[in-house]
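Bear in mind these aren't lab numbers, they're just calculated from the coordinates by the rules spelled out. All of these numbers come straight from a predicted model, not from anything done at the bench. A quick note on method: Cβ atoms are made from the backbone with ideal geometry, for glycine too, and the neighbour counts reach across all protein chains shown.
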Amino acid sequence: MSLEKLLPSLIRASLDEDYRTVRSIAMRLIRRIKDTHPSIANEIAEALSQHGVGASAKRSVGISDSPVDTETLFSLATVDEPLEVARPIFSDKVNELIDTFIQERRESKKLMSVGLNPPSSLLLYGLPGVGKTELAKYLSGVFGLNLIVLDLSSTISSYLGKTGQNLKKVLDYAKSGPSILLLDEFDAVAKRRDDMSDLGELKRIVNVLLKELEDWPNHTIIIAATNHPDLLDSAIWRRFDRAIEIGLPDKDERIKILMNELISVKMSKDLTSIIHVIGEMAKGLSGADICKLVERAKRKSVLSEISLEDALLRELPDFIKGDTVEFNKQFCKLAKEKLDVSIRTLATWLGKSPSTIQYYLKEKGGNLDD
Ligand SMILES: Nc1ncnc2c1ncn2[C@@H]1O[C@H](COP(=O)(O)OP(=O)(O)OP(=O)(O)O)[C@@H](O)[C@H]1O
Ligand SMILES: [Mg+2]
């Protein structure tokens with residue numbers, strides 16, 4: 001098709017304010033002219049990346065401007081202004097994927113000037129408390145974009161019967177200007193379409209989502225987060241530019257999270273060694289568990305007037321989900337070796353008798369490797 005033939009559709013779409021079509025024709029134009037007229041291609045790319053920027057200022061006034069279900073006047077989504085938060089602690093592999101995403105977004109214009117779309121969708125999956133929501137907040141700060149959060153599990157239960165309509169409202173709102181839309185608890189709607197227990201409405205919602213994701217505008221980032229990736233339709237997986245699995249932190253990551261949480265506390269040699277012992281023993285704990293452990297220990301230390309070191313060690317067993325006897329044996333051996341503590345102290349930490357501690361120390365313990 002010659003370029004002139006695109007003009008009527010472009011003009012019609014502009015007059016109808018059909019920005020999706022305008023964008024798609026503009027991208028075609030860029031691809032066609034990038035070699036012959038690179039400066040015009042650049043100018044179009046610039047216009048595309050600027051479009052809608054003004055809307056964010058209007059929306060930054062906050063939640064009152066968020067989409068509202070007119071019947072219930074219940075807010076469907078929350079809108080938070082970007083906050084500079086520290087990046088959660090992740091594995092090198094996850095960090096690399098995040099860095100690539102950030103870099104590609106920052107170089108949007110360069111990509112668009114040669115007719116390539118920057119990535120605009122991310123699917124985050126992993127166990128509860130590994131930092132998925134926190135990562136969305138972090139990205140909102142990095143890009144200086146408002147974070148619109150739609151918790152799909154609560155939306156579905158409170159609006160069953162109208163979820164499709166409500167979802168569309170939030171999606172349209174998010175698309176109206178640069179922002180990050182977080183679809184939290186994404187599995188709540190994104191059930192497999194062949195699931196017989198699905199209500200017809202859920203299937204319709206999946207179809208709405210598929211259609212939207214297909215043509216998500218570049219100026220808005222859509223992030224979906226789920227603990228149940230297995231429930232997601234394979235067609236949904238394909239629509240995301242990138243799916244990132246966030247695993248439980250390994251030993252080194254657990255130590256870093258502990259260090260960060262205790263950053264305001266004066267580090268003694270004891271505390272540093274204890275952090276290493278806890279980091280090693282806290283296998284299977286999520287970042288959220290570790291933060292909670294530190295918070296509880298801080299409270300205990302103040303109210304029971306014991307040292308923070310003691311409080312951390314006394315709280316730790318409560319967080320261990322596996323075999324506690326096995327944990328106790330490993331813990332006693334490690335603490336004895338690394339902290340050189342007495343049997344009496346170990347007995348206080350674990351709430352056991354000194355003879356039980358002696359038994360733990362004699363017994364063989366399992367492997368602590370991650
Ligand atoms: N990897 C991490 N590094 C540092 N802090 C973390 C990490 N993961 C979780 N946290 C802490 O735990 C809190 C809860 O994490 P977050 O809400 O992001 O988890 P989530 O993966 O979204 O969990 P859910 O699946 O239950 O929604 C965060 O606010 C943060 O303080
Ligand atoms: Mg979350």
Once the Cβ-Cβ distance between residue 153 and residue 11 is put in as r, and R0 is 45 Å, what FRET efficiency do you end up with, to the nearest 0.05?
0.55
Simple label model, 7 Å out from Cα along Cβ direction - residue 18 to residue 323, nm:
6.5 nm
Calculate, in nm to one decimal, what residue 103 and residue 84 gain on full extension: separation in residues at 0.36 nm each, minus their alpha carbon distance.
5.1 nm
Work out from phi, with θ = phi - 60° and the Karplus expression 6.51 cos²θ - 1.76 cosθ + 1.60, the ³J(HN,Hα) of each residue of the range 282-299, listed in order in whole Hz, and give x for Gly and Pro.
7, 4, x, 7, 8, x, 5, 4, 5, 5, 5, 4, 5, 4, 5, 5, 4, 5
How many nm separate the modelled label positions at residue 363 and residue 267, each set 7 Å beyond the Cα in the direction of the Cβ?
3.5 nm
Cα-Cα longer than 26 Å, checked against 256/300; 266/352; 256/352; 93/203; 93/169, kept in input order, equals 266/352; 256/352; 93/203; 93/169
Order by neighbour count: 261, 17, fewest other Cβ atoms within 10 Å first, most last.
17, 261
Residue 260 to residue 306: FRET efficiency via 1/(1 + (r/R0)^6), r the Cβ-Cβ distance, R0 30 Å, to the nearest 0.05?
0.85
Note the full-extension length gain between residue 230 and residue 295 as 0.36 nm times their separation in residues minus their Cα-Cα distance, in nm to one decimal.
20.1 nm
Along the range 31-42, what does the Karplus equation 6.51 cos²θ - 1.76 cosθ + 1.60 (θ = phi - 60°) give for ³J(HN,Hα), rounded to whole Hz, x for Gly and Pro?
4, 6, 9, 4, 8, 7, 10, x, 6, 5, 4, 4
For residue 124, the residues 5 or more places away or on another chain with a placed amide H closer than 5 Å to its own amide H are 224, 225, 226, 244
